[in-house]
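Notes for the one structure printed next.
The values are calculated or read from the model by the stated rules, or taken from the named source; none is laboratory data. Please read all numbers here as calculations on a predicted model, not as lab measurements. No Cβ is skipped: glycine too gets one built from the backbone with ideal geometry, and neighbour counts run over all protein chains shown. Keep in mind that these areas ignore ligands, DNA and RNA; they rest on the heavy atoms of the full protein, side chains included. Shrake-Rupley method; radii C 1.70, N 1.55, O 1.52, S 1.80 Å.
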Amino acid sequence: MAGPFDNKPLWDRRGFLRKSLVGAFSATLGTQIVFAENMPRWHTPLALQADNPLSLPAGKHKDLIILNDRPWNVETPPHLLDDEITPVDKMFIRNNGNTPESIDLKNWTLTIDGESVKKQTIFKLSELKKKFKPYTYRLVLECGGNGRSGYYPITSGNQWHEGGVSCAEWTGVRLRDVLESVGIKDDAIYIGYYGKDVHLSGDSSKPVISRGVPIRKALEEETLLAWALNGQDIPLIHGYPLRLVIGGWPASVSGKWLSRISIRNKEHDGPKMEGHSYRVPAHPIEPGSKVPDSELKIIESMPVKSVITYPKSGAIVPEGKPLELRGHAWAGDLEVAAMQVSIDYGATWITCNLRKPHNRLAWQQWSVTIPFPKKGYYEVWAKATDSKGVAQPMVIPAWNPGGYLNNACHRIAVKVE
Ligand SMILES: Nc1nc2c(c(=O)[nH]1)N[C@H]1C(S)=C(S)[C@@H](COP(=O)(O)O)O[C@H]1N2
Ligand SMILES: [Mo]
């Protein structure tokens, strides 16, 4: 831990918590330590012990699940995704490198360059805000590796369960308006982003991740250069002060700490665009087999998926009382057309109420109230179907070397007694 916690013992010569530390601890915890003067001698506060339950990045809900802390990879348990607009404290975190340490807000700029830009331009953040019209959209950001833990053989990378997804309200200017103002050459086919995070090696000349999308996706109305999240400045860990936000595709295309966008005359080739990164086999393969790079295709729109946010798995329901269930469903660039649940392992399905999305690329709320026939153990399975008639699989979908795109039905356990 940095600052006042370095090296020096926690206690003074008499065995009391050092005075200077009481203040520092309080700052770390974001609250006052009541009865600090009573803290037993030689006692290390629980919140400073190794498996510290409060060790998440500042402002995060204590029940988020840490998959990795170097770099931060933190997911949301499904029952904490119950809000229609994901609040910041419940939003998953996926960093590939280190969060930038200091942000020079006044001098923050965005460079637009690349082979296919007509006029390379540098915008100050304040200029972007002044020159272009702001828009607000709710956008689903789902990590391409969400659900990876469901694959066997195990694939490398963070073992996400269900919670690498959010749908928050982003405010900014349209990337389209900005790119059109500087001019896009006819040969433009892709854009690539660059951000100011720091490579884990500490080498600041190396980009951590630099991905992109075809120009047609970049120019969609909902693709934003955003500075606000749920009506506030974007928190540092989610990309302050400027972020590219692209709903419906793997969230890795939504570059945080955005400093540059290149308009490319070829598929963008930054780190995490190559090899197995965010690619899946173009043809079915045997699980566990090696796939040559030439037979991989890049992931674009994410597949149809849903989550049960209420009740929490393990719910106990009194006999005879119907259970109200609810959650969200989304389908990449498409809309969700139907939502169903099953309590008999997929033999029969019950249709749920399903709301229209607040805007394109926002997730949709579903709910249903179901009776259970008698006492005992049940599983509730939830299945969404997209506007093209494609449904979530009941089993784990096609294995792929990167462990991407597991959109199998979410299931919860329910006991009726
Ligand atoms: N600059 C930068 N942008 C990034 C990343 C990153 O490591 N660095 N991670 C990407 C990935 S893989 C995901 S899933 C999302 C996660 O966004 P969040 O941490 O705000 O939830 O950010 C994307 N944008
Ligand atoms: Mo991701």
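Computed values, structure above
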| read-out | value |
| --- | --- |
| The range 92-109 - residue that is among the β-branched types (Val, Ile, Thr) and part of a loop (DSSP other than H, G, I, E, B) and, of those, farthest from GLY255 (Cα to Cα) | ILE103 |
| First in the range 250-265 and within 9 Å of ligand 2 (Cβ to nearest atom), second anywhere and open to solvent by 20 Å² or more (accessible area, probe 1.4 Å) and in a loop (DSSP other than H, G, I, E, B), Cβ under 7 Å, 6 or more apart | SER252/LYS272 |
| Listing of strands (runs of 3 or more DSSP E) fully contained in the range 158-239 that carry 2 or more residues being open to solvent by 10 Å² or more (accessible area, probe 1.4 Å) and among the hydroxyl-bearing types (Ser, Thr, Tyr) | 190-195 |
| Residue pairs meeting the criteria (Cβ under 6 Å; at least 6 apart or on separate chains; first closer than 24 Å to ILE246 by Cα, in the range 323-349; second open to solvent by 10 Å² or more (accessible area, probe 1.4 Å) and in a loop (DSSP other than H, G, I, E, B)) | GLY332/SER301; GLY332/MET302; ASP333/SER301; LEU334/SER387; GLU335/SER387; ALA337/SER387 |
| Which listed residue, of SER116, SER149, is more than 16 Å from ligand 1 (Cβ to nearest atom), farther than 18 Å from TRP363 by Cβ and modelled with pLDDT of 95 or more | SER116 |
| Residue match in the range 154-174 (condition: away from ligand 2 (no atom under 16 Å from the Cβ), under 14 Å from the mean Cα position of the chain (by Cα) and closer than 28 Å to HIS268 by Cα) | yes |
| Any chance PRO271 is more than 16 Å from ligand 2 (Cβ to nearest atom), surrounded by fewer than 20 Cβ atoms within 10 Å (Cβ to Cβ) and part of a loop (DSSP other than H, G, I, E, B) | no |
| Strands (runs of 3 or more DSSP E) lying entirely in the range 312-411 (those with 1 or more residues that are closer than 27 Å to GLU169 by Cα) | 323-330, 336-342, 364-370, 376-386 |
| Total residues in the range 131-153, condition away from ligand 2 (no atom under 15 Å from the Cβ), in a loop (DSSP other than H, G, I, E, B) and either among the β-branched types (Val, Ile, Thr) or within 30 Å of VAL182 (Cβ to Cβ) (or both) | 2 |
| Residue in the range 99-108 that is within 16 Å of ligand 2 (Cβ to nearest atom) and open to solvent by 20 Å² or more (accessible area, probe 1.4 Å) present | yes |
